[in-house]
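Read the figures in this text as sums done on the coordinates, not as results from a lab. Just so it is clear, the structure is predicted and the values come from calculations on it, not from any experiment.
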Amino acid sequence: MAFADFMTAMMALFLVLWISSQDKEILIATSQYFQNPFNAPMDQHSGVMPFNSNKSTTSTGTQQGNEKELEKKKQIQMSFLNSVAADFYRLLNLDQSLADKPIDIQVTSDGLRVTLFDRAKRPLFVQGTTEFTEWGRYAMQSLAWTIDRHHFRVTIDGHTSVRPTNRGDDYTAWELSADRANAARRSLVHYAVEPQFIERVTGYAGTQPLPGENPDSESNDRVTLSLTLTAKQKEATAAASVAPAAAPPAPARGAKNSLP
């Protein structure tokens, strides 16, 4: 009896360790399964063969079923993106509730919009240049790790206020915003991001000030990165919404058990 209890405890430990090593999408789906097991993916199966739980004698019923499935997948994707944003704030030890936080993250329909501000209290760049400060390098390194881990596609937009650059008539806010956006691209590639995941780099100078901000406000000095889920990542997120983590394959006869 004691040996049987020991084997049960070891199997439970094995399953916990295995589930903990899975991707975030699978963890979210598994968590939702245990929170509401009676409305789980098991409802979509009869025996071992899948069946269509959205059958209806009218096209309206089928359409409603498809809409519910799309809404469920959208909720899984939004939960995943919110968890990525929260993890990034924790990584940088930032309080999301701060009014003038140096980084702002917005969850969009298909990804994240990350804005890095170049404010005097915590500058992103050395004043008037495209060289990152120590804080700027740390922020870009952390962002590169997040992008590489989740395989986001990236567009980078540089913005400035309407204040002069103090670098001569031949170097305007257009050059500064474009060069800072390109500096962000080089930094991401240097740390972790594959070049093919960066789709566009653009400088807007002071033509797109933040809503409610004066055009000469320092809050307009910023770099905005739009992170979009790839098709592969969307498929993985959708798959995680269909079923919880599957059990690991049984070891071959005679083989030694080992943790993943």
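Listed by chain and number, the aspartates and glutamates placed with their C-alpha closer than 16 angstrom to that of K68 are D43; residues fewer than eight positions away on the same chain are left out. Near K101, which aspartates and glutamates are there with a Cα under 12 Å away, not counting those fewer than 8 places off in the same chain? Within reach: D118. For K73, a cut-off of 14 angstrom between C-alpha atoms picks up these aspartates and glutamates, skipping any fewer than 8 places away in its own chain: E25, D110, E235. Comparing Cα centroids, the range 69-137 and the range 155-208 end up 17 angstrom apart.
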